[in-house]
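Written below as structure tokens is the structure these notes are about.
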Amino acid sequence: MNHLMIDLETMGNKPTAPIVAIGAVFFDPQSGVLGAEFYVAVSLSSTMEQGAIPGGDTILWWMKQSPEARAAICTDDTQHISDALSELSSFISRHSDNPRYLKVWGNGSSFDNVILRSAYERAGHTCPWQFRNDSDVRTMVMLGSQLGFDPKRDMPFDGVAHNAMADARHQARYVSAIYQRLLAIHQQPTEL
């Protein structure tokens with residue numbers, strides 16, 4: 001598989017936001033099949049030690065989320081950001097058909113992928129995918145809405161909202177659903 005859905009839980013919404021959880025799942029948008037998964041809770045202090053800057057509004061937002069969502073990021077079982085990034089790179093290397101052509105999806109062209117790439121830079125690591133292969137979930141959602149498909153309305157969420165792994169799975173499922181609808185339209189015979 002050469003599509004990877006990334007979802008981050010962060011303590012901010014800028015490129016310098018501290019990452020507190022990383023969820024990722026390989027998927028095939030043409031079939032909707034989900035593949036290998038990756039999840040890690042990240043030590044907030046380790047990201048801030050490397051220069052990540054939290055946002056007060058995001059911290060307040062987290063305080064209003066469900067106990068299950070907060071528990072996932074407030075666990076004692078966290079990893080240093082450098083270790084988490086190394087593990088994510090290894091995961092990508094092991095499971096990608098070809099990392100050079102890996103399409104990495106994030107929920108917003110300026111959120112998940114940019115924040116993760118910034119974390120790689122602060123940690124002194126090389127980002128394991130090429131920036132030109134960043135793909136945007138929000139653009140797909142907009143295209144889906146043009147086809148009359150709203151994933152927030154039409155696809156039930158499975159799992160705990162604002163858990164990076166559950167969010168990554170859900171996003172991969174609805175990107176696949178939209179992708180398949182777009183292909184079906186493209187493959188319809190044209191009338192002369």
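The values are calculated or read from the model by the stated rules, or taken from the named source; none is laboratory data. All of these numbers come straight from a predicted model, not from anything done at the bench. In this analysis, Cβ positions are derived from the backbone assuming ideal geometry, glycine residues included, and neighbour counts consider all displayed protein chains.
Things worth noting here:
- Region 158-178, residues that are part of a helix (DSSP H, G or I) and touching a strand residue (DSSP E or B) at 6+ places or on another chain (Cβ under 9 Å): ALA164, MET165, ALA166, ASP167, ALA168, ARG169, HIS170, GLN171, ALA172, ARG173, VAL175, SER176
- The residue that is modelled with the highest pLDDT, counting only those in region 1-31 that are touching a His at 6+ places or on another chain (Cβ under 8 Å) and not in a strand (DSSP E or B), is PRO29.
- Checklist (1) in a helix (DSSP H, G or I); (2) in contact with an Asp or Glu (Cβ under 7 Å, 6 or more places away or on another chain); (3) over 22 Å from ALA36 (Cβ atoms) applied to ASN113, failing item: (3)
For every residue, the table says whether it meets (1) within 19 Å of SER82 (Cα to Cα); (2) aromatic (Phe, Trp, Tyr).
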residue: ILE6; (1), (2): yes, no
residue: ASN13; (1), (2): no, no
residue: PHE26; (1), (2): no, yes
residue: GLY32; (1), (2): no, no
residue: GLY35; (1), (2): no, no
residue: SER45; (1), (2): yes, no
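- The numbered conditions (1) in contact with a helix residue (DSSP H, G or I) (Cβ under 7 Å, 6 or more places away or on another chain); (2) surrounded by fewer than 17 Cβ atoms within 10 Å (Cβ to Cβ); (3) under 17 Å from ALA71 (Cα atoms) are all true for GLU9 except (2).
- Scanning region 155-180 for residues that are touching a helix residue (DSSP H, G or I) at 6+ places or on another chain (Cβ under 8 Å) and among the acidic types (Asp, Glu) yields a single hit, ASP158.
- Residue count, region 142-176 (criterion: touching a Pro at 6+ places or on another chain (Cβ under 7 Å) and closer than 19 Å to PHE26 by Cα): 3
- Here VAL25 passes the criteria (1) in contact with a Lys or Arg (Cβ under 6 Å, 6 or more places away or on another chain); (2) on the phi > 0 side of the Ramachandran plot except the one numbered (2).
- Test: LYS14 is among the basic types (Lys, Arg) and within 19 Å of ASN113 (Cα to Cα): yes
- Helices (runs of 4 or more DSSP H) enclosed by region 40-93 - at least 2 residues per element that are touching a residue at least 60 places away in the same chain (Cβ under 8 Å) and crowded, with 20+ Cβ neighbours inside 10 Å: 67-73
- A search for C-beta distances below 9 Å between a residue of region 133-152 that is within 14 Å of VAL114 (Cα to Cα) and any residue that is modelled with pLDDT of 90 or more and among the polar types (S, T, N, Q), counting only pairs 6+ apart in sequence or on different chains, returns ASP134/ASN113; SER135/ASN113; ASP136/ASN107; ASP136/ASN113; VAL137/ASN107; VAL137/GLN171.
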